[in-house]
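Accompanying notes for the structure given below.
The values are calculated or read from the model by the stated rules, or taken from the named source; none is laboratory data. This one's a predicted model, so the numbers in the text were calculated from it and none came from an experiment. For neighbour counting, all protein chains shown are included, and Cβ atoms are generated from backbone atoms with ideal geometry for every residue, glycine included.
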Amino acid sequence: MSAVRDVIIIGSGPAGLTAAIYTARANLHPLVIEGEPSSTSDQPGGQLMLTTEVENYPGFVDGIMGPELMASFRGQAARFGAEYLTEKVTRVDFSQRPFKVWVRDDEYQARSIIVSTGARSLMLGLPRETELVGYGVSTCATCDGFFFRGHDIAVVGGGDSALEEALFLTKFAAKVTIVHRRGELRASKIMQERAFKNDKIEFLWDTVVTELLGETKLEGVRVRNLDTAEESQLPVTGLFVAIGHVPNTDVFKGQLDMEDNGYLITLGKSSRTNVPGVFACGDVQDHTYRQAITAAGSGCMAAIDAERWLESLGETENEIVETPRNW
Ligand code: NAP
């Protein structure tokens, strides 16, 4: 067991790392438990590690690559003394202070916690979908696009993510078919215009993927038109699933109040959760805006909230205190 820290930050996307910059500059010596490398969006650096060019983060006239932006955030927080643990939190106990956080059998304690675990990609729920991730099925065009040079591939979804993935994939693929379950896209107008203008992109409207074909790797998908119920096969070697996200909150079930869809509830215009001393920021508590800049802003709020909370406790409060369920 290590000493009681002022603050532990769980998660390292734009929200967590902004909280790290602010708490580190406030001399709170944050420990950032940043997640572990994986193919999903709860890895260190969060969803921006799986994206290509970020064109709407203020300050970068020509845009910046997502991983490069996150490396800058991380380095900036490290410069002020933030420490990193490249592991995933496996259990928490917020019922008393100091709060306890475990990485497998290793226990960490802190007087305040900032939760910034973000959200991860939704999957279609088709048989063998998970098995085929890395063998034709992907949720990350940036990571896997290169493998599909000259191939015909498909993207599922009609939001900004799907169009962004499809546009990026046209750099590699011969043809990209966007399979969307409705006749109208949800994506922003500018992304729609870009996709419609791109000769390599085709649309299959009112259509869903019903089966993944191929034994050890993807060799095609079966699709169904929802209007006509007609089934057909698309001979694609890659299927990029871009249908939205779920928050990474499993480890907080029973510890923090959450909405029915699993997003953490924060109080009023603050980052406070229902447990005094535990704060939440970024996509884990925001299914409306979900932008890097809003996540970063809320990370700043969480850091300031945590700093004020610690000040309100005074310097000597280190004994064990039962935490009320509400402020
Ligand atoms: P989203 O906006 O929720 O779109 C999800 C898409 O997937 C929708 O078109 C939805 O269809 C479809 N879908 C959901 N479940 C499905 C299923 N089981 N089978 C087939 N299709 C399914 O999610 P997102 O595209 O990930 O975007 C999330 C947020 O991030 C948005 O606010 C977006 O603007 C933002 N974003 C911005 C950028 C950018 O600015 N560069 C890039 C990516 C994301 P329906 O339309 O029928 O519901």
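Just to be sure I understand the filter: pairs with C-beta atoms under 9 Å, separated by 6 or more residues or on different chains, first member in segment 69-87 and basic (Lys, Arg), second member assigned to a strand (DSSP E or B). Which pairs pass?
74/32; 74/84
Quick grid of which residues meet (1) within 17 Å of residue 17 (Cα to Cα); (2) touching a helix residue (DSSP H, G or I) at 6+ places or on another chain (Cβ under 7 Å); (3) assigned to a helix (DSSP H, G or I):
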site: 49; (1), (2), (3): yes, yes, yes
site: 59; (1), (2), (3): no, no, no
site: 62; (1), (2), (3): no, no, no
site: 68; (1), (2), (3): yes, no, yes
site: 73; (1), (2), (3): yes, yes, yes
site: 76; (1), (2), (3): yes, yes, yes
site: 88; (1), (2), (3): yes, no, no
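Filter segment 265-278 down to the residues that are part of a loop (DSSP other than H, G, I, E, B) and not small (Gly, Ala, Ser), then identify the one that is surrounded by the fewest Cβ atoms within 10 Å (Cβ to Cβ). I'd like the intermediate steps shown before the answer.
First, pick out the residues of segment 265-278 that are part of a loop (DSSP other than H, G, I, E, B): 265-271, 273-277.
Next, from what is left, pick out any that are not small (Gly, Ala, Ser): 265-267, 269, 273-276.
Details: 265: 13, 266: 24, 267: 13, 269: 7, 273: 27, 274: 19, 275: 22, 276: 19.
In this case the residue turns out to be 269.
Quick check: anything in segment 167-177 closer than 21 Å to residue 232 by Cβ, surrounded by fewer than 21 Cβ atoms within 10 Å (Cβ to Cβ) and more than 24 Å from the chain's Cα centre (by Cα)? So that I can check it myself, show each step before the final result.
Taking segment 167-177 first, the residues closer than 21 Å to residue 232 by Cβ are 173-177.
Right, trim to surrounded by fewer than 21 Cβ atoms within 10 Å (Cβ to Cβ) and you get 174-175.
Retained after the next criterion (residues that are more than 24 Å from the chain's Cα centre (by Cα)): 174-175.
Checked against the condition, which is being closer than 21 Å to residue 232 by Cβ, surrounded by fewer than 21 Cβ atoms within 10 Å (Cβ to Cβ) and more than 24 Å from the chain's Cα centre (by Cα), segment 167-177 yields at least one hit.
Keeping to segment 237-264, report how many residues are away from the ligand (no atom under 16 Å from the Cβ) and either in a strand (DSSP E or B) or not aromatic (Phe, Trp, Tyr) (or both).
At the first step, the residues of segment 237-264 found to be away from the ligand (no atom under 16 Å from the Cβ) are 237-238, 249-258, 260, 264.
Checking the rest, the ones that are also either in a strand (DSSP E or B) or not aromatic (Phe, Trp, Tyr) (or both) come to 237-238, 249-251, 253-258, 260, 264.
Of the residues in segment 237-264, 13 are away from the ligand (no atom under 16 Å from the Cβ) and either in a strand (DSSP E or B) or not aromatic (Phe, Trp, Tyr) (or both).
Among the residues of segment 128-181, which ones are part of a loop (DSSP other than H, G, I, E, B), modelled with pLDDT of 95 or more, within 16 Å of the ligand (Cβ to nearest atom) and not basic (Lys, Arg)?
Residues satisfying the conditions are 157, 158, 159, 170, 180.
Among the residues of segment 100-125, which ones are basic (Lys, Arg), modelled with pLDDT of 95 or more and within 16 Å of the ligand (Cβ to nearest atom)?
none
In a loop (DSSP other than H, G, I, E, B) and of a type in the set (A, V, I, L, M): does that describe residue 295?
Details: in a loop (DSSP other than H, G, I, E, B): no; of a type in the set (A, V, I, L, M): yes.
Here the answer is no, as residue 295 does not meet what is asked.
Scan segment 206-221 for residues that are surrounded by 14 or more Cβ atoms within 10 Å (Cβ to Cβ) and away from the ligand (no atom under 11 Å from the Cβ) and report the count.
8
State which residue is nearest to the ligand (Cβ to nearest atom) when the search covers only segment 189-203 and only residues that are in contact with a helix residue (DSSP H, G or I) (Cβ under 9 Å, 6 or more places away or on another chain) and either assigned to a helix (DSSP H, G or I) or closer than 13 Å to residue 157 by Cα (or both).
Start the filter on segment 189-203 by keeping residues that are in contact with a helix residue (DSSP H, G or I) (Cβ under 9 Å, 6 or more places away or on another chain), which leaves 191-192, 194-195, 198, 200-201, 203.
After this cut, where a residue has to be either assigned to a helix (DSSP H, G or I) or closer than 13 Å to residue 157 by Cα (or both) as well, the list is 191-192, 194-195, 203.
Working: 191: 7, 192: 11, 194: 10, 195: 12, 203: 12 Å.
Among those residues, the one meeting the criterion is 191.
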